[in-house]
Amino acid sequence: RDTGVPSRHVTARVAPLGSRLVLALVEDRTRERRVEAVRRDFVANVSHELKTPVGAIALLAEAVADAADDPEAVKRFAGRMGKESVRLSTLVQQIIELSRLQGDEPLDQPVRVSVDEVVASSIDASAIDAQARRITVVAGGEEGLEVLGNAEQIGVAVGNLVANAVAYSREGSSVLVSARGEEDAVDVSITDQGIGIPAGEIDRIFERFYRVDPARHRSTGGTGLGLSIVKHVAATHGGDVRVWSVEGQGSTFTLTLPRAL
Ligand code: ADP
């Protein structure tokens, strides 16, 4: 019978029947509230992050209009508009990816995915940025390994880790992407000789939109979403991602995925 009593009272009423049930209900609500708070935070962050490039593009459009008789300035502003548009489209793409992965639901139909192919295409995708700063990216470790999962998601995850390794590397240094087969898992490790991560920040870098010292990284144009996507991909595959880093010396990120035997 619906008594119209708010559910808080209902949980109190069932207390004599079993305190475990009450506890479960209360925990469930606490979890719901936490999920809701995370969602609200995410929406607020998304709005804020989207406003930055949109605002910049609007200002640049005005600047272009005002500088009509100065072709050099028009070219400069147009170039910056291009960069802001790229940033905006990366952001939108990553937000979509993240919202698809958010449930961390296990995959329905995992398929065999070649680690060599994923590594090769991640290295290709970062080639332009790497060349621009004379960074050598090499593949190493065991060849011929396969993992079980979603090829697109795995490509995005490894691609993000390689892109970060390049973005946070020193000019002229190298990045190593290597695979190692364990009994029922494959470790893909990405090692750079870059700026590293301060010990106190390591726990936070997988949070959405979190960036270590955004001012220092402004030039890399990152979004702070890359690693949270990697974390969710690892979760949907029943794997994980770990990091070792020494500030000023470099970092190693290791993504562990189920091995296809
Ligand atoms: P971003 O788009 O800013 O790279 P990520 O979520 O991929 O966002 O990474 C979060 C933060 O972690 C980065 O802003 C950077 O401060 C730090 N980080 C990630 N990868 C590396 C790395 N290989 N070396 C140093 N710092 C890194």
Suppose we filter Leu161, Leu148, Leu176 for residues that are under 28 Å from Arg39 (Cβ atoms) and modelled with pLDDT of 95 or more; which single one remains?
Leu161
Tell me, yes or no, whether segment 171-194 has at least one residue that is crowded, with 19+ Cβ neighbours inside 10 Å, closer than 18 Å to Gln94 by Cα and more than 6 Å from the ligand (Cβ to nearest atom).
no
All positions within segment 126-151 that are surrounded by fewer than 17 Cβ atoms within 10 Å (Cβ to Cβ), of a type in the set (Val, Ile, Thr) and in contact (Cβ under 8 Å) with a residue 24 or more places away in the chain
Thr136, Val138
Among the residues of segment 198-215, is there at least one that is closer than 13 Å to Phe253 by Cα, in a strand (DSSP E or B) and within 14 Å of the ligand (Cβ to nearest atom)?
no
Determine whether Val186 is of a type in the set (Val, Ile, Thr) and over 16 Å from the mean Cα position of the chain (by Cα).
yes
Every residue in segment 103-125 that is surrounded by 13 or more Cβ atoms within 10 Å (Cβ to Cβ), in contact with a helix residue (DSSP H, G or I) (Cβ under 8 Å, 6 or more places away or on another chain) and of a type outside the set (S, T, N, Q), please.
Asp104, Leu107, Val113, Val118, Val119, Ile123, Ala125
Of everything in segment 175-195, what is touching a residue at least 40 places away in the same chain (Cβ under 8 Å) and charged (D, E, K, R)? Give them in sequence order.
Glu182, Glu183, Asp184, Asp187, Asp192
Out of Val38, Val14, Val10, which single residue is modelled with pLDDT under 80 and within 27 Å of the chain's Cα centre (by Cα)?
Val38
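The values are calculated or read from the model by the stated rules, or taken from the named source; none is laboratory data. Values in this document were obtained by computation on a predicted structure and should not be read as measured data. Positions of Cβ are backbone-derived with ideal geometry, glycine not excepted, and every protein chain shown enters the neighbour counts.
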